[in-house]
Amino acid sequence: MENLVNIFVKSIFVDNMIFAYFLGMCSYLAVSKTVKTSTGLGLAVVFVLGITVPINYLIHNYILKEGALAWISPQYADVDLSFLSFILFIAVIASMVQLVEMVIEKFSPTLYANLGIFLPLIAVNCSILGGSLFMQERAYNSLGEATVFGLGSGVGWFLAIIGIAAIREKIRYSNVPPALRGLGITFIITGLMGIAFMGFMGIKL
Amino acid sequence: MIMSQDREPLFSSKNLKLLREPLDDSNPITVQVLGICSALAITVKLEPSVVMALSVVFVMGVSNVVVSLLRSSIPPRIRIIVQLTVIASLVILVDEFLAAFAYEVSKQLSVFVGLIITNCIIMGRLEAFALSNKPWPSFLDGIGNAAGYGLILVIVGFVRELFGSGTIWGYQVIPEGAYGMGYENNGLMILPPMALVTVGIIIWIQRYRNRKLIEENPS
């Protein structure tokens, strides 16, 4: 249990998807103009990460990993399919995103209209595939750990996009040098937020 | 390639423009805001930046040609899956190649090779260009955009390695004497947030020189 909480906190603050690995920057920069749309996209990312990481964990451990096929028959024990992981992971992610899209369209048409093009683009949001690849690289021991890691990374991304959206709403009233307006200042603010988040480094529960 | 009567020369001015524009006026990173994810995390040193840039050039050039060749036979509804499959297969090639011939670099890049799949530049250019253009212009467009992406990567990698570690491509360039006189490497440059600030400053300089890129009504 302690271990799970530790992974959760670590994936939110220390290994934050945006500030430590720059994953999902494209939609982060493009959608963060108002807090409202950012909330919607952030929730969608939490949801998709929370689903796809455990599914990909199962795929990795029972199909792709070296020796993973041993549960079918011992003669497959030395088969290593891990070179297929990119294609399988991205297929799972694309189909999950399609599913989420249909659910949101059904239950919240306003949110659906607000998110617009960015919902399908979650499929190519690096943080989603990145979550699965980090899960593979760090070799989590159980399904629970993988799920918690997925959710935690999603929450970290969510916090980051809410933060930047709130700052961008306010920065409209500041006198930014013309050449820095828009994209440039957003980059620099994100960098400063990243430095602030580095204060969490080394936290362990 | 099929020869046709009204075929334009391979390097006509229109085609050259496809190559040249992404280097400055429509740079994928600083203007189109695509593909930032992988651009920042691997630019601590120059070497991984260059390897990453070359991998993206390869994947983009080939995938643009493939998708452009298939463009009339891909059903629009499933085009994203088809594009992802094409890209993912190419990225697997790159990944296996790096693991075999440049193991050290491939360890440094870790998951970021795989993340080329979700690099928005590739998907973005496939959607915006390759799906509606002939293979040769698509190829040039892919190479041009990947080069524009690589250019920023190399600049950021160069700056961060020079100021962060005092080396370039692993060779010491700041003389020993400078350290004796009190010069110190800027440890902040090695940390992730400084990549963002460096790109922010590149954007600032570029827009200062090129006024028409300034956003009129930001945020």
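The values are calculated or read from the model by the stated rules, or taken from the named source; none is laboratory data. Here the structure is a predicted model, which means the values were calculated and not measured. Note: ideal-geometry Cβ built from the backbone for every residue, glycine included; neighbour counts use all protein chains shown. Just so you know, the surface numbers come from the protein's heavy atoms only, side chains and all, with ligands and any DNA or RNA stripped out. Shrake-Rupley method; radii C 1.70, N 1.55, O 1.52, S 1.80 Å.
For the protein assembly as shown, give the percent of accessible area contributed by carbon and sulfur heavy atoms, probe 1.4 Å, rounded to a whole number.
Exposed carbon and sulfur together represent 66 percent of the surface.
Using helices alone, I'd like the mean residue ellipticity at 222 nm for chain A: each DSSP H run of four-plus residues gives -39500 (n - 2.57), total over residue count, nearest 500.
-21000 deg cm²/dmol
For peptide B:198-209, how many partner chain Cβ atoms fall within 10 Å of a residue's Cβ, on average?
Taking all residues of B:198-209 together, the mean is 5.
Helix B:79-101 against the longest principal axis of chain B: what's the angle in degrees, Cα atoms only, rounded to the nearest 10?
50 degrees
Pop a pseudo-label 7 angstrom from the Cα along the beta-carbon direction at both A:Q98 and B:T85 and give the gap in nm to one decimal.
Each label point lies 7 Å from its Cα, and together they span 1.1 nm.
Mind grabbing the interface size between B and A? I mean buried accessible area, both sides, 1.4 Å probe, in Å² to the nearest hundred.
Rounded to the nearest hundred, the buried surface is 3700 Å².
Of B:I29, B:I78, B:I117, which is farthest towards the positive pole of chain B's charge dipole, taken about the Cα centre with +1 and -1 on the beta-carbons of Lys, Arg and Asp, Glu respectively?
B:I78
At A:V35 and B:Y183, where each label point lies 7 Å from the Cα along Cα→Cβ, what is the point-to-point distance in nanometres?
For the pair A:V35/B:Y183, the computed spacing is 4.7 nm.
Which angle from 0 to 90°, rounded to the nearest 10, does the C-alpha axis of helix B:135-165 make with the longest principal axis of chain B?
Long axis of B:135-165 versus the principal axis of chain B: about 10 degrees.
Show the residues, 5+ positions off or on another chain, whose built amide H is closer than 5 Å to the amide H of B:I168.
When sequence neighbours closer than 5 places are left aside, the close amide H contacts are B:V173.
Rounded to the nearest 0.05, what FRET efficiency do B:A128 and A:V176 have when you use their Cβ-Cβ distance and R0 = 35 Å?
The pair B:A128/A:V176 has a calculated efficiency of 0.75.
Based on the Cβ-Cβ distance from B:E104 to A:K106, what FRET efficiency comes out when R0 is 41 Å, to the nearest 0.05?
Step by step, r from the Cβ atoms, then E = 0.25.
When only alpha-carbon atoms count, how far does chain A stretch along each of its three principal axes, as whole angstroms with the largest first?
Sorted largest first, the three principal extents are 69, 42, 31 Å.
Considering only B:I87, B:Q172, B:L126, whose Cα is most displaced toward the positive end of the charge dipole of the stretch B:85-219, charges sitting on Cβ of Lys, Arg (+1) and Asp, Glu (-1)?
Ranked along the dipole, the leading option is B:L126.
May I ask you to derive the FRET efficiency for A:I203 and A:E169 from their Cβ-Cβ distance with R0 = 35 Å, giving the value to the nearest 0.05?
Here the calculated transfer efficiency is 0.75.
Per residue of chain B, what 222 nm ellipticity follows from adding -39500 (n - 2.57) for every DSSP H run with n ≥ 4, rounded to the nearest 500?
-19500 deg cm²/dmol
State in Å² the accessible area per residue of the stretch A:67-205; use a 1.4 Å probe, count heavy atoms of protein chains only, and round to the nearest integer.
Per residue, the stretch A:67-205 has 47 Å² of solvent-accessible surface.
From largest to smallest, what semi-axes in whole angstrom does the protein assembly as shown give when each is the square root of 5 times an eigenvalue of its alpha carbon gyration tensor?
Equivalent ellipsoid of the protein assembly as shown: 30, 29, 25 Å, largest first.
Inside 10 Å of the C-beta atoms of A:126-133, what's the mean count of C-beta atoms belonging to other chains?
6
With a 1.4 Å probe on protein heavy atoms only, tell me which residues of the stretch A:69-101 lose at least 20 Å² of accessible surface in the complex relative to the chain by itself.
Listed in order, they are A:F83, A:F86, A:I87, A:I90, A:A94.
Residue farthest toward the positive end of the dipole of chain A, with Cβ of Lys/Arg at +1 and Asp/Glu at -1: which of A:A44, A:F83, A:M193?
A:M193
Using 7 Å Cα-to-Cβ label points, what is the A:V5/A:L143 separation (nm, one decimal)?
Going by the 7 Å Cα→Cβ label model, 2.5 nm.
Work out the mean other chain Cβ neighbour count within 10 Å for the residues of B:80-89 and drop it here as an integer.
For peptide B:80-89, the averaged partner shielding equals 4.
Show A:S38, A:S95, B:S72 ordered by accessible area, largest first, where the area counts protein heavy atoms only and the probe is 1.4 Å.
Order by accessible area, largest first: B:S72, A:S95, A:S38.
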